[in-house]
1. Of the residues Ile207, Ile213, Ile267, only one is of a type in the set (A, V, I, L, M), at pLDDT 75 or above and under 26 Å from Leu131 (Cα atoms); which?
2. Looking at Gly82, Gly28, Gly70, Gly52, which one is modelled with pLDDT under 95, touching an Asp or Glu at 6+ places or on another chain (Cβ under 7 Å) and not hydrophobic (A, V, I, L, M, F, W, C)?
3. Could you look through the stretch 1-53, keep only residues that are in a loop (DSSP other than H, G, I, E, B) and touching a helix residue (DSSP H, G or I) at 6+ places or on another chain (Cβ under 7 Å), and pick out the one that is nearest to Pro85 (Cα to Cα)?
4. Out of curiosity, is Ile202 under 20 Å from Ala24 (Cβ atoms) and β-branched (Val, Ile, Thr)?
5. Scan the stretch 210-219 and give yes if some residue there is closer than 12 Å to Glu31 by Cβ and not aromatic (Phe, Trp, Tyr), otherwise no.
6. When you check Tyr59 against the structure, is it closer than 23 Å to His170 by Cα, of a type in the set (Ser, Thr, Tyr) and touching a residue at least 60 places away in the same chain (Cβ under 8 Å), yes or no?
7. Write out, first by first residue and then by second, each pair whose Cβ atoms fall under 8 Å of each other, whose residues are 6+ apart or on separate chains, and whose first residue, in the stretch 193-218, is free of Cβ contacts under 8 Å to residues at least 12 places away in the same chain while the second is of a type in the set (A, V, I, L, M).
Amino acid sequence: MRSLWMLVSAFFFSLMAAFTKLGAKEFGTFELVFYRQIFATTVIYVWVALTGHTVRTPYLAGNIKRSIFGTIALLIWVYALGALPLGTAMTLNYTSPLFMAAIATWLAVRAKQHVEGKLLMCVLAGFIGILFVLKPDVGAEDVLAGFIGIWSGFFAALAQFQVRQMTALHEPEWRIVFYFSLVGTIAALVGHFAYEGQLTPITSTNIWALLGIAVSGVLAQLSLTRAWGGGNLLLTSSLQFSAIVFAAIIGFFVFDEPISVFSGLGIALIVGSGLTATLETKRKLRTSIPQKSSVKSSTKG
């Protein structure tokens with residue numbers, strides 16, 4: 001049943017993406033991330049204070065590392081949402097399993113180990129799917145935004161890998177999300193004043209986008225962390241891709257973004273290869289990276 005939280009997470013991530021796309025018409029990238037993260041930080045900290053929990057952690061380094069990767073992924077994704085169709089930006093963000101497979105392949109080559117042919121084929125098929133998705137949906141003026149958006153999947157892969165390490169050490173989901181939100185709040189605020197200037201005035205018309213981003217973002221992140229913390233890997237991995245479907249439906253009805261046959265084929269390639277890559281990567285890394293990382297995290301905190 002814990003795996004089903006991924007379906008909840010996918011739904012709320014799709015809602016957050018839609019509200020972000022609406023908010024991007026008036027707010028900058030750093031600004032949107034700042035409002036999303038400060039809301040999450042405040043809500044979780046109030047809950048911690050009321051329930052007698054503590055944000056102190058023996059795994060501070062691991063939390064900060066996860067938070068940095070997650071914040072970079074979120075910033076890139078928000079930028080892509082403002083520049084690309086909703087379904088396209090969401091698809092690029094969910095390429096993280098392909099990057100996990102690519103990392104596993106690279107580590108095997110570096111260690112002069114056997115390279116899994118199935119894993120390599122998943123990576124190639126997935127990135128062909130990315131080209132299919134970008135080609136029909138991204139105009140010539142948005143090619144740069146599309147290729148920047150791909151990196152959201154890379155950093156999301158690093159963040160998800162760190163989440164699995166932290167939950168394996170029995171770090172509570174809410175504490176992982178708290179540090180992610182806190183680091184994101186600080187980074188986004190500094191980035192906004194450095195690159196975007198003063199904060200945009202909040203009005204009765206644009207506040208709804210911010211509230212939608214904040215609420216759906218917190219619910220999505222908590223659900224995501226809980227889903228990856230346990231449950232059936234196959235089911236969890238399968239359900240994460242439902243966010244692409246949710247986003248495509250919202251994009252069609254709300255933003256009038258049709259899905260071409262070419263795009264549909266690309267999405268199918270990404271989902272299929274991403275799911276297979278997740279299972280292969282889990283098997284490949286089970287006896288190497290997670291074990292080493294767990295020891296490192298537990299000794300250095």
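1. Residue meeting the stated conditions: Ile267.
2. Gly28
3. Ala24
4. The answer is yes for Ile202.
5. There is at least one residue in the stretch 210-219 that is closer than 12 Å to Glu31 by Cβ and not aromatic (Phe, Trp, Tyr).
6. Taking the combined requirement at face value, the residue satisfies it.
7. Between residues of the stretch 193-218 that are free of Cβ contacts under 8 Å to residues at least 12 places away in the same chain and residues that are of a type in the set (A, V, I, L, M), the close pairs are Ile202/Leu210.
So that you can scan it fast, the table gives a plain yes or no per residue for (1) part of a helix (DSSP H, G or I); (2) modelled with pLDDT under 90; (3) farther than 23 Å from Ala10 by Cα:
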position	(1), (2), (3)
Gly153	yes, yes, no
Leu189	yes, no, yes
Gly197	no, yes, yes
Gly217	yes, yes, no
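The values are calculated or read from the model by the stated rules, or taken from the named source; none is laboratory data. Since this is a predicted model, take the numbers as computed values, not measurements. Backbone-built Cβ (ideal geometry, glycine too); neighbour counts: all protein chains shown.
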